[in-house]
Amino acid sequence: MGKAQLIRALQIAAGILVVVLVVGLYKAKSDASKAEAHVRQLHQEISETEASNRALNAEIAHLESPAHVQELAQQHLDVTPGGQSAALPESSMASRLPAPRERQSHP
Amino acid sequence: MKPISPSRAFAAEQSFASETIEAAPARNRVRFLAIGLLVMLLLLSARAVQLAFAGDPTAEPRHGAAIAQVERADIVDRNGVLLATTVRAFTLTATPERVWRANETAAALARIFPDMDRDATVRRLSDRSHELVFLRRGLTPNQRDAVLSLGLAGIGFAQEERRVYPQGALAGHALGFTDVDRHALAGVELGLDDQIRRAGAEGRPVRLSIDVRMQYALETELDAAAQAAHASSAAAILLDGRTGETLALASWPALDPNEFAGASEAARTDRVAGDVHELGSTLKPFTEAMALQERLTSSGELFDLSQPFVLDGTTISDDERILGPASLRDILARSSNIGAARLALRVGADRQRSYLARLGLLAPPTLELARSQAPIAPTARTRRDIAGLGFGYGLAATPASLAGAYTIFANNGARVTPSLLMRLPDAQIRRTTVFSPAVTQQVLSYMRSVVTDGTGRAADVPGLQVAGKTGTAEKLGDDTYSQDHNFSSFAGVFPADTPRYVIFLALDDTGAGAAGGAVAAPAVARTLRRIAPMLGLRVEPRLPSH
């Protein structure tokens, strides 16, 4: 192999190496870019989820608010705050209890 | 003949020429290849540089147009119950170029937003000088869905954030509100604005000292009392007197911070720290304490209060004449103006003002609210002024300031400053000594008599040992005080044997005969009956009425 051919071979090899390196770099950067995009997407999803959570927490707080609970208690249990139903002396408990069932007599 | 052989130089020249002819195509190929490689390398390098320094533009998440990005922390009560938060909202936008029929579009939108100005909307939808116009802000997801279902051309949405108050009107005045850009405008939103922003950046909530359960009980009872007494406004505050933490505070008329824009000025006004009044007889316990502290009287002294007290041409009298000798206990229990005036005159203007200053009644309240109204407290120049201050005239202060002054009864004579922030168990609490423990205890026992035997009997809650003082301050009209317009109040401390909590409730502009003992004290009793179990205090149940 002549000197010129050797140089040419080396140049071609160097060129291929550079191309491989550049393609490798491109691929690495592209992968990093994709990963970055994925991370951003995840961040956005987290942000969306957090926003949903905040809205749900607000909804829960509204549903558990004393005014709402009182409304439900009045509507379904006939219990009013500060009413006699809320605090009873022990002696009056019996009068509030349902009447005992009559025992069936067995012959 | 042997031909003449070519010279060496000729031979070399000839050889070179033949090689050049052979190498030319190869060189051209190399050149093309090199140029091609160079172009490719340049393109790749440019892309690599772009990726390295600018990032991948295709990787950008697709957001809507950003409106405002200021983050505010959640506000929670002492138990972590959510009071204020920031949720996602939408701005209704339009691209006039793409709107087909502005009139029909505006009419369709008006069906979802009845308060929307239709003519203005048509003008904006027709304004083609703008690429994008904003029609309405703060839309909820449901409202956005409703608009989307209309399928209107040229109508779109931009994402933004919105401050909401899930408890509605509960603690509305204390929380305050923000505008659509989440700039604080009132309440703790403004009073604690920096702290809320800092906490938001750190991802933690701002914890207030109030308790929504007690807040609700206080607000509903205040509402009922104010309506029953036909008051023009009302205020109430409940403090942990040991720490100064505000457990509940209420102003009436109520305010829903979610709809503050439509609220009247009266509803927007915070009455606890933003409104001053002459406080009336609720100052009498301090007058007695001043006299006792300065040894100008004693528990054994008896006063003749049977005759009106004429002072510099002004007659001071009691609503209910006290016949026979009266003690300090009687002066408080029966709310004697004559007795309080005499004691105040013994104390004198300078000492009186000094005590009032140490009680915090000459400075604005310390609650972390947007508006803290300074008291109106002119220096007492005449004997009449000094006497008037003795029973609560000539000094206008806020309910928050008075409640702060009453913390002396929970701290053996030392005052703590009220706060709306929850304090840590090991937090240092600054106390200002005003009276000695013995004097404080003595006056507290008199205040207990007010509730057991005096003008404040309606505030009694069996089992709870409430101590307190009623107040009925006539309101100043154009020139004179009117008996038909009163500031009726009750200031209390409980439980009297181990005083810890302070409550103050006041109804403004109540009519003739609506004394503090008749309209404010019962409301306090009803409130305490509801909140005592929340504080771990036992009350005796009421017998059912038959």
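The values are calculated or read from the model by the stated rules, or taken from the named source; none is laboratory data. Computed from a prediction, not measured in an experiment: that's the story for all the values here. Positions of Cβ are generated from backbone atoms using ideal geometry, with glycine treated the same way; all protein chains shown enter the neighbour counts.
Kindly indicate the residue of the stretch B:79-102 that is at pLDDT 90 or above and surrounded by fewer than 18 Cβ atoms within 10 Å (Cβ to Cβ) and also farthest from B:ALA153 (Cα to Cα) among those meeting that condition.
It comes out as B:ASN79.
Please state which one of B:ARG182, B:ARG118, B:ARG128, B:ARG137 is at pLDDT below 90, at positive phi and not assigned by TED's automatic domain parsing to the domain that holds B:ARG271.
On the way: B:ARG118 fails: at positive phi; B:ARG128 fails: at positive phi; B:ARG137 fails: at positive phi.
On inspection, the qualifying residue turns out to be B:ARG182.
Going through the stretch B:77-122 one residue at a time, which ones are within 12 Å of chain A (Cβ to nearest Cβ) and basic (Lys, Arg)?
Answer for the stretch B:77-122, where residues must be within 12 Å of chain A (Cβ to nearest Cβ) and basic (Lys, Arg): just B:ARG88.
Mind checking whether some residue in the stretch B:281-291 is in contact (Cβ under 8 Å) with a residue 24 or more places away in the chain, touching a strand residue (DSSP E or B) at 6+ places or on another chain (Cβ under 6 Å) and of a type in the set (S, T, N, Q)?
yes
When you check B:ALA514 against the structure, is it in contact (Cβ under 8 Å) with a residue 12 or more places away in the chain, small (Gly, Ala, Ser), assigned by TED's automatic domain parsing to the domain that holds B:ASP270 and more than 20 Å from B:TYR406 (Cβ to Cβ), yes or no? Give the steps one after another, and end with the answer.
Working: in contact (Cβ under 8 Å) with a residue 12 or more places away in the chain: yes; small (Gly, Ala, Ser): yes; assigned by TED's automatic domain parsing to the domain that holds B:ASP270: yes; more than 20 Å from B:TYR406 (Cβ to Cβ): yes.
So B:ALA514 fits the description; yes.
What is the one condition in (1) of a type outside the set (Phe, Trp, Tyr); (2) surrounded by fewer than 23 Cβ atoms within 10 Å (Cβ to Cβ); (3) over 10 Å from B:LEU255 (Cβ atoms) that B:ALA169 does not satisfy?
So B:ALA169 meets the others, but not (3).
Inside the stretch B:137-232, counting only helices (runs of 4 or more DSSP H) that do not spill past its ends, which hold 2 or more residues that are hydroxyl-bearing (Ser, Thr, Tyr) and closer than 28 Å to B:MET534 by Cβ?
Result: B:212-228.
To keep it simple, each residue is scored yes or no on (1) facing chain B (nearest Cβ under 9 Å); (2) of a type in the set (S, T, N, Q).
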| residue | (1), (2) |
| --- | --- |
| A:LEU17 | no, no |
| A:GLU36 | yes, no |
| A:ILE46 | no, no |
| A:THR49 | no, yes |
| A:ARG54 | yes, no |
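For the stretch A:59-79, does any single residue satisfy the condition of being in contact with a Leu (Cβ under 6 Å, 6 or more places away or on another chain) and at pLDDT 90 or above?
From the stretch A:59-79, those in contact with a Leu (Cβ under 6 Å, 6 or more places away or on another chain) are A:61; that's our starting set.
From what is left, the residues that are at pLDDT 90 or above are A:61.
So far as the stretch A:59-79 goes, yes, one or more of its residues are in contact with a Leu (Cβ under 6 Å, 6 or more places away or on another chain) and at pLDDT 90 or above.
Could you pull out the residue among B:THR407, B:THR432, B:THR455 that is touching a residue at least 60 places away in the same chain (Cβ under 8 Å), crowded, with 24+ Cβ neighbours inside 10 Å and under 29 Å from the mean Cα position of the chain (by Cα)?
Testing whether each residue is touching a residue at least 60 places away in the same chain (Cβ under 8 Å), crowded, with 24+ Cβ neighbours inside 10 Å and under 29 Å from the mean Cα position of the chain (by Cα) leaves just B:THR407.
Which of (1) modelled with pLDDT under 90; (2) not in a loop (DSSP other than H, G, I, E, B); (3) not aliphatic (A, V, I, L, M) is the odd one out, the single condition B:HIS63 does not satisfy?
(2)
Looking for whichever is surrounded by fewer than 22 Cβ atoms within 10 Å (Cβ to Cβ) and either outside any loop (DSSP other than H, G, I, E, B) or touching a residue at least 40 places away in the same chain (Cβ under 8 Å) (or both) here; the options are B:ARG381, B:ARG346, B:ARG415. Which one fits?
Matching residue, one of B:ARG381, B:ARG346, B:ARG415: B:ARG346.
Return the pairs, sorted by first residue and then second, in which the second residue is acidic (Asp, Glu) and surrounded by 15 or more Cβ atoms within 10 Å (Cβ to Cβ), the first residue lies in the stretch B:143-167 and is within 13 Å of chain A (Cβ to nearest Cβ) and more than 16 Å from B:VAL180 (Cα to Cα), the beta carbons are less than 9 Å apart, and the residues are 6+ apart or on different chains.
Here the result reads B:GLN167/B:ASP77, each pair linking the stretch B:143-167 to a residue that is acidic (Asp, Glu) and surrounded by 15 or more Cβ atoms within 10 Å (Cβ to Cβ).
Which of the residues belonging to the stretch B:199-237 are among the hydroxyl-bearing types (Ser, Thr, Tyr) and within 13 Å of chain A (Cβ to nearest Cβ)?
Listed by number, the residues that qualify are B:TYR216, B:THR220.
Out of A:GLN41, A:GLN11, report the one residue that is exposed (fewer than 14 other Cβ atoms within 10 Å of the Cβ) and modelled with pLDDT of 90 or more.
A:GLN41 is the lone residue from the list that is exposed (fewer than 14 other Cβ atoms within 10 Å of the Cβ) and modelled with pLDDT of 90 or more.
Determine which member of the set B:ARG321, B:ARG329, B:ARG334, B:ARG351 is surrounded by fewer than 18 Cβ atoms within 10 Å (Cβ to Cβ) and under 22 Å from B:LEU402 (Cα atoms).
B:ARG351
Of everything in the stretch A:56-82, what is more than 30 Å from B:ARG526 (Cβ to Cβ) and more than 9 Å from every other protein chain (Cβ to nearest Cβ)? Give them in sequence order.
The one that is more than 30 Å from B:ARG526 (Cβ to Cβ) and more than 9 Å from every other protein chain (Cβ to nearest Cβ): A:LEU56.
What single numbered condition from (1) closer than 21 Å to B:LEU361 by Cα; (2) modelled with pLDDT of 95 or more; (3) among the aliphatic types (A, V, I, L, M) fails to hold for B:VAL450?
The one condition B:VAL450 does not meet is (1).
Quick one: which residue in B:LEU476, B:LEU535, B:LEU507 is out of contact with any helix residue (DSSP H, G or I) (no Cβ under 7 Å at 6 or more places or on another chain) and within 20 Å of B:ALA217 (Cα to Cα)?
B:LEU535
Search the stretch A:45-67 for residues being touching a Lys or Arg at 6+ places or on another chain (Cβ under 9 Å) and farther than 22 Å from B:THR220 by Cβ, and hand back the single one that is surrounded by the fewest Cβ atoms within 10 Å (Cβ to Cβ).
Here is the first cut: in the stretch A:45-67, the residues touching a Lys or Arg at 6+ places or on another chain (Cβ under 9 Å) are A:48, A:51-52, A:54-55, A:66.
From the residues that got through so far, the ones that are farther than 22 Å from B:THR220 by Cβ too are A:48, A:51-52, A:54-55.
Numbers: A:GLU48: 11, A:ALA51: 16, A:SER52: 13, A:ARG54: 18, A:ALA55: 17.
It comes out as A:GLU48.
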